[in-house]
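Computed from the coordinates by the stated procedures, all read-outs in this text should not be read as laboratory data. Nothing here was measured: the structure is a model prediction, and the numbers come from that model. FYI the Cβ positions are ideal-geometry reconstructions off the backbone, even for glycines, and counts take in every protein chain you see.
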Amino acid sequence: MCKSRRKSKNKKRKAARLETWRLPFNLRHMASIWDLANPQLRDVTVYEPGKPIEETARELGTEADAIIKLASNENPLGPSPKAIEAMRAALSNAHLYPDGTGFYLRKAVAAKLGLAPENVISRQWLK
């Protein structure tokens, strides 16, 4: 190996060592992100999504329209027209943060349950 090539290789190694020393000590020898994760997360099973209707239809040799999927919390009737109307009405304010105190929500819940609004717990009070 020629001298200039060796120098270049040594420079790269030295730069890599310097980069390593800039990391916090516990990250220098980290094998994977799982080393930092809560140990209980390692035992969580991976979510297996349900099979799409089209795939089931292909396997059964039928049309997708002939299959009604009741798994995965899917509704064969689609969303309620009232839900669609509420979503469309909410779209114009979707870029805004909601009221963190839940004033109107607590007021509605209180009215429904016959309570004073101050008796309906807010998430902020639970802190």
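Of the set (1) over 26 Å from Ile121 (Cβ atoms); (2) assigned to a loop (DSSP other than H, G, I, E, B), all apply to Thr101 but (1). Check whether at least one residue in region 76-97 is in contact with a helix residue (DSSP H, G or I) (Cβ under 6 Å, 6 or more places away or on another chain), under 29 Å from Tyr47 (Cα atoms) and not small (Gly, Ala, Ser), and report yes or no. Taking every residue of region 76-97 in turn, none turns out to be in contact with a helix residue (DSSP H, G or I) (Cβ under 6 Å, 6 or more places away or on another chain), under 29 Å from Tyr47 (Cα atoms) and not small (Gly, Ala, Ser).
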